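One structure is given here, and the rest of the page talks about it.
Each value in this text was obtained by applying a stated rule to the coordinates, not by laboratory testing. Keep in mind that this is a model prediction, so the values were computed, not measured. All Cβ positions, even for glycine, are placed from backbone atoms using ideal geometry, and neighbour counts span all protein chains on display.
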Amino acid sequence: MRNKEEMKIVFLGTPDFAVASLKALVDNGFKVVAAVTAPDKPAGRGMQLKASAVKEYALSQNIPVLQPERLKNPEFLASLSEYQADIQVVVAFRMLPEAVWNMPPLGTINVHGSLLPYYRGAAPINWAIINGEKETGVTTFQLKHEIDTGDILLQHREPILPEDDFGTMYHKLMEAGARLLTTTLDRLMHNDIQEQAQHLVDKETHAPKIFKETCHINWAQSTEAIHNLIRGLSPVPTAFTALGDKQLKIFAATMEHARHGVPPGTVDSDGKSYLKYATTDGWLHCTLVQYEGKKKMPVADFLRGYRF
């Protein structure tokens, strides 16, 4: 196989999670001939069009950018084919039609934020934490028809520490994925990877998209389950509950396992230093919160301005 200065790569991705991998390719001397990303979208108070993180980085490196509305658009497919990529790399992008992923002679490889075949889907980092896993990782694999089911190339394992939340694991796996991608491409060029087919796993390990109802705390669960939900959704999209007649987002909390004899969801506070909710087997102490219409703040600061 040709060396990395000759192997032409088209990169497909949108958020900052993907930028780390694109930057790793550039920094390691790979030849990225184009980047495919989402169209600019309105953002901010003025709703001005904003470019994706991948577009901003690609343009800073003089990498041509394609922004198709539809991936099956004949004009886009024609433009993509003109780059004559040897291989495509996709990181944190939408589902690709076969006309795209099967275009290069070496196919398309994906960087996924889990240890496949576990946690296939749109939100693998969130669900690994929500489900109380002690370990996750990143996987490079070859794309094929069914989502996240292609043959595995390489994997990197990463522990989920008790203090980790979605934000910390996102950054850990973002960097780990970038390193794994360059290693994968280096080894592919030297025919030094034995691809492995994925085996079937239970549906409970799937990682579907997070919706608002996922973030609504059900206090009729165990303290640990609710604590993991909060960790898995912090800092975004954030678990929430009600306080009075408004919404309270909870970014961080601690657990207290204790018998209390009150209904789950009962609120208790001294009005100064603690705010806690009853669960089925204890209390969940809120430590970092955001009340509807207010800024995010430590719970003691929030309580100074709140009256029960």
If you average 1/r over every pair of different alpha-carbon atoms in the stretch 1-45 and take one over that average, what Kirkwood value in Å do you get? 11.9
So which GluC sites (Glu not before Pro) in the stretch 179-278 end up in coil per DSSP with only 12 or fewer other C-beta atoms within 10 Å? E195
Amide H neighbours of Q247 at under 5 Å, excluding residues fewer than 5 places away on the same chain, with H built from the backbone geometry, are E292
Among (i) 47, 45, 40; (ii) 68, 47, 31; (iii) 59, 38, 36, the entry matching Cα extents along the principal axes in Å as calculated here is (ii)
Loop-located trypsin sites (Lys or Arg not before Pro) in the stretch 97-144 whose Cβ has at most 12 other Cβ within 10 Å (DSSP): K134
Near K72, which lysines are there with a Cα under 17 Å away, not counting those fewer than 8 places off in the same chain? K144
Can you classify the stretch 212-304 as rounded, prolate or oblate using the Cα gyration tensor, where a ≥ b ≥ c are the square roots of its eigenvalues, rounded means a/c under 1.5, and otherwise it's prolate if a/b beats b/c and oblate if not? oblate
Over the chain, with a Gaussian network built from C-alpha contacts below 10 Å, which listed residue (T205, T108, T140) shows the highest mean-square fluctuation? T205
Here D for the stretch 164-267, in µm²/s, from Stokes-Einstein with a Kirkwood Rh over Cα pairs at 25 °C and 0.890 mPa s, works out to 143
What is the ratio of the Cα radius of gyration of the stretch 35-181 to 2.2 N^0.38 Å, with N the residue count, to two decimals? 1.13
Quick one: Karplus J couplings for the stretch 235-242, per residue in order, coefficients 6.51, -1.76, 1.60, θ = phi - 60°, nearest Hz, x for Gly and Pro? x, 9, x, 5, 6, 9, 8, 9
Sequence-distant residues sharing a close amide H with Q221 (under 5 Å, placed H): T280
Determine the distance separating the Cα centre of the stretch 227-274 from the Cα centre of the stretch 173-214; give it in Å without decimals. 33
Summing +1 for each Lys or Arg and -1 for each Asp or Glu, what net charge is found among the other residues whose Cβ lies under 9 Å from the Cβ of D40? +3
Using the Cβ atoms and a cut-off under 14 Å, what net charge is assigned to the surroundings of K294, where Lys and Arg are +1 and Asp and Glu are -1? +4
May I ask for the net charge around A258, where only other residues with Cβ less than 12 Å from the Cβ of A258 are counted and Lys, Arg are +1 while Asp, Glu are -1? -1
Give me D192, D148 sorted ascending by neighbouring Cβ count inside 10 Å, so fewest comes first. D192, D148
So what are the ³J(HN,Hα) numbers for the stretch 52-57, from phi and the Karplus equation (6.51, -1.76, 1.60; θ = phi - 60°), rounded to whole Hz, Gly and Pro as x? 5, 4, 5, 4, 4, 5
